[in-house]
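K.L.:
I have a structure I would like to understand better, so I am pasting it below and will then ask my questions one at a time.
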Amino acid sequence: MSPQSRRATIPLLALLLGGAAELASIRPGQTPQQSPVFSSKIQGVLVDVLVTERNRPVAGLKVSDFELRDNGVLQTIDAAEISDAPLNAVLALDMSASTEGQRLADLKAASAAVVSGLRPGDRIALTTFNHAVASRLALTGAFEAVSAVLDRLSPAGETAILDGVHVALMTSQAEPGRSLVILFTDGRDTMSWLQADEVVESAKRSNAVFYAVATGGARQWSVLRDLADTTGGRAVEIETGADLHGQFERILREFRSRYVLTYTPRGVSESGFHRLAVRVRRGGLSVKARPGYVAGGDDRP
């Protein structure tokens, strides 16, 4: 049954949250309401920036190496550093029927590698999706709990990727620390209530950097690239599940190597969507950062 026909016959989507019986209802066409993360009225803006040279992160840059414009207005950067702030890592894993067998074993091993790479003070959460979305584990510093949850995972059903992305992004909303969402999927969306543009809007208001690892039918799916670009993350394509372990580890290392630029917006509006442009004054370096943020009200770009 197509998502469109399901919209006509099923009034509500139940998202299973926290492994309990709490249900969240999303009506067709309704955009979930979130509070903007960034507010120039209250505090400085933090921008995660990845600087690479030949696909390798570059260390040792200073404030003077960066240039940042907010809605075209050159800003004064207060700090630029590779932050050691606690990390909120959210794993969003495809548990549709196509992930059974060796692919599931590879996914569990890759997820365990992320847990092994966490430090004291970091937290991790686990969300899975098939025909429904389950928040299996809320953000926790009890890393051993993740292994027990991973062991119990069993694939079945179809794939609600977009709904899963939305729940994963909201998991770390308004939480202290820096937030990273790592998603894995091997197919295209077949069951989500939310539309791609709705989830991209959620990503604009999220404080998380989103990375997607795609194989199988999910390769070349532009929605994953759009979501990654919106948050300053990346969409990675792999050939087989055997590549998952290395990619998950690389994403975690790469995230820890990102600079956090801090500035207080000046000469720009205190509400609405702000377009960001970040560059490095040194030649030969590539820069990746979120293209904008929402401040104050709920204006659309």
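The values are calculated or read from the model by the stated rules, or taken from the named source; none is laboratory data. No experiment lies behind these values; they were computed from the predicted model shown. Glycine also receives a Cβ, built like all others from the backbone with ideal geometry; neighbour counts cover every protein chain displayed. We work out accessible area using only protein heavy atoms, side chains counted, and drop any ligands, DNA or RNA first. Shrake-Rupley method; radii C 1.70, N 1.55, O 1.52, S 1.80 Å.
K.L.:
Out of all DSSP beta bridges with both ends in the stretch 47-199, state the antiparallel percent to the nearest 5.
P.N.:
Antiparallel: roughly 40 percent of the beta bridges in the stretch 47-199.
K.L.:
Okay, moving on. Arg225: accessible area at probe 1.4 Å, nearest 10 Å²?
P.N.:
Rounded to the nearest 10, the figure is 100 Å².
K.L.:
Count the net charge of all other residues whose Cβ sits under 9 Å from the Cβ of Phe66, scoring Lys and Arg as +1 and Asp and Glu as -1.
P.N.:
So the surrounding residues net to +1.
K.L.:
Moving to a separate point now. Leaving out ligands and nucleic acids, and using a 1.4 Å probe, what accessible area per residue does the stretch 99-166 come to in Å²?
P.N.:
Value for the stretch 99-166: 39 Å² per residue.
K.L.:
Write down the radius of gyration of the stretch 87-179 and its Dmax, each obtained from C-alpha positions, in Å.
P.N.:
Considering the stretch 87-179 through its Cα atoms, Rg and Dmax are 12.8, 37 Å.
K.L.:
Under the definition of Cα pairs under 8 Å and six or more residues apart, what whole-number percent is the relative contact order of the stretch 148-275?
P.N.:
Relative contact order of the stretch 148-275: 21 percent.
K.L.:
At a probe size of 1.4 Å, how large is the accessible area of Ile238, to the nearest 10 Å²?
P.N.:
Rounded to the nearest 10, the figure is 10 Å².
K.L.:
Using 0.36 nm per residue, how much length does the chain from Glu249 to Ser147 gain when fully extended, once their Cα-Cα distance is taken away?
P.N.:
Taking Glu249 through Ser147 to full extension adds about 35.1 nm, to one decimal.
K.L.:
Here is a further query. Report the full-extension gain for the segment Arg279 to Glu100: residue separation times 0.36 nm, less the Cα-Cα distance, to one decimal in nm.
P.N.:
The Arg279-Glu100 span can extend by a further 60.1 nm.
K.L.:
Going by amide H atoms built from the backbone, whose H comes under 5 Å of the H on Val213, apart from near neighbours?
P.N.:
Amide H neighbours of Val213: Leu183, Phe184, Thr185, Val236.
K.L.:
Something else now. Convert 25 °C to kelvin, take the viscosity as 0.890 mPa s, use the Kirkwood radius over C-alpha pairs of the stretch 174-240 as Rh, and evaluate the Stokes-Einstein diffusion coefficient in µm²/s, rounded to a whole number.
P.N.:
The diffusion coefficient I find is 199 µm²/s.
K.L.:
Which distance in nm do the two modelled labels at Asn71 and Ala59 give, with both placed 7 Å along the Cα-to-Cβ direction?
P.N.:
In this crude spin-label approximation the distance works out to 3.8 nm.
K.L.:
Over the stretch 172-301, what portion of Cα pair distances is larger than 17 Å, expressed as a whole percent?
P.N.:
65 percent
K.L.:
Could you compute how much accessible surface Lys108 exposes when probed at 1.4 Å, giving the result in Å² to the nearest 10?
P.N.:
We get 50 Å² for Lys108.
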